[in-house]
Amino acid sequence: MGVTVSNKEYEVNVIKVRKLGSVYLDQNHVWQANPGYLFLELGVRVVGKRTGITSIPWKNIYVVDQDGNSWYPNWGGYKTASIGEKINPAEIIFAEIENEKALISFTEAIFLRLIWTVKDNNPSTVLFGFDTAPLIEVVID
């Protein structure tokens with residue numbers, strides 16, 4: 001956490017990592033992690049280096065586990081920002097991602113709140129990927 005990676009298109013930083021036993025969608029919908037699994041929540045800041053609007057599908061935001069399996073998030077939300085603006089990812093409203101091809105779009109920067117179901121191998125490591133940016137190692141302990 002706190003490591004920034006970049007390429008010609010993006011600057012990406014995982015700014016928050018949390019393990020969750022439950023995900024509360026609203027008062028009537030609560031997801032519990034199955035035995036041997038947990039919910040991994042990541043807060044991510046991305047600064048775009050392209051000119052104009054950047055749009056990418058949810059499937060290009062992913063984690064890779066220790067077995068080499070990769071997934072886009074089960075739930076996610078985002079808020080666009082200007083460069084230098086700070087947003088707490090924990091305050092971003094999220095929803096179930098039902099269409100991996102649905103696009104998220106931003107001009108300057110974006111903050112993401114992302115939640116995956118992953119194996120509870122305490123401790124473990126996943127690699128976080130955002131489109132073409134280099135992967136970021138995330139330790140879950």
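We did not get these values from a lab; they are worked out from the coordinates using the rules stated. All values derive from a computational prediction rather than experimental measurement. A quick note on method: Cβ atoms are made from the backbone with ideal geometry, for glycine too, and the neighbour counts reach across all protein chains shown.
What does the charge add up to near ASN7, with Lys and Arg as +1, Asp and Glu as -1, over the other residues with Cβ less than 10 Å from its Cβ? Kindly include the intermediate steps, with their values, before the conclusion.
On the way: positive: LYS8, LYS49; negative: GLU9, GLU11, ASP131.
Net of charged neighbours comes to -1.
If contacts are Cα pairs under 8 angstrom and at least 6 residues apart, what is the relative contact order of the chain in percent?
It comes to 30 percent, rounded to a whole number.
Could you sort the peptides 110-119, 80-89, 54-63 by per-residue average Cβ neighbour count (10 Å cutoff), highest mean leading?
Per-residue mean Cβ counts within 10 Å order the peptides as 110-119, 54-63, 80-89.
Note down the magnitude of the dipole of region 4-140 about its Cα centre, charges +1 on Lys and Arg C-beta and -1 on Asp and Glu C-beta and zero elsewhere, to the nearest 20 debye.
Computed charge dipole of region 4-140: roughly 280 debye.
Order 28-35, 39-46 from most to least packed using the mean count of other Cβ atoms within 10 Å.
Details: 28-35: 10.6, 39-46: 22.1.
In descending order of packing, they fall as 39-46, 28-35.
Within the chain, what percent of beta bridges assigned by DSSP are antiparallel, to the nearest 5?
100
Please give me the summed charge of the neighbours of PRO35: other residues whose Cβ is under 12 Å from its Cβ, Lys and Arg +1, Asp and Glu -1.
On the way: positive: LYS119; negative: ASP120.
With Lys, Arg at +1 and Asp, Glu at -1, the net is 0.
Please list, in order, the residues from region 59-84 whose amide nitrogen is less than 15 Å from a point placed 7 Å along the Cα→Cβ vector of GLU137.
Counting backbone N atoms under 15 Å from the label point, the list is 64-67.
Could you quote the convex hull projected area for the chain, Cα atoms only and averaged over all directions, in nm²? Before the final figure, lay out each step's value.
On the way: hull surface 33.0 nm².
Answer in nm², one decimal: 8.2.
Near LYS101, which lysines are there with a Cα under 20 Å away, not counting those fewer than 8 places off in the same chain?
Partners found: LYS59, LYS79.
Identify all lysines with a Cα-Cα distance to LYS19 below 20 Å; exclude those on the same chain that are fewer than 8 residues away in sequence.
Of all the lysines, those that pass the test against LYS19 - Cα under 20 Å, at least 8 places apart if same chain - are LYS119.
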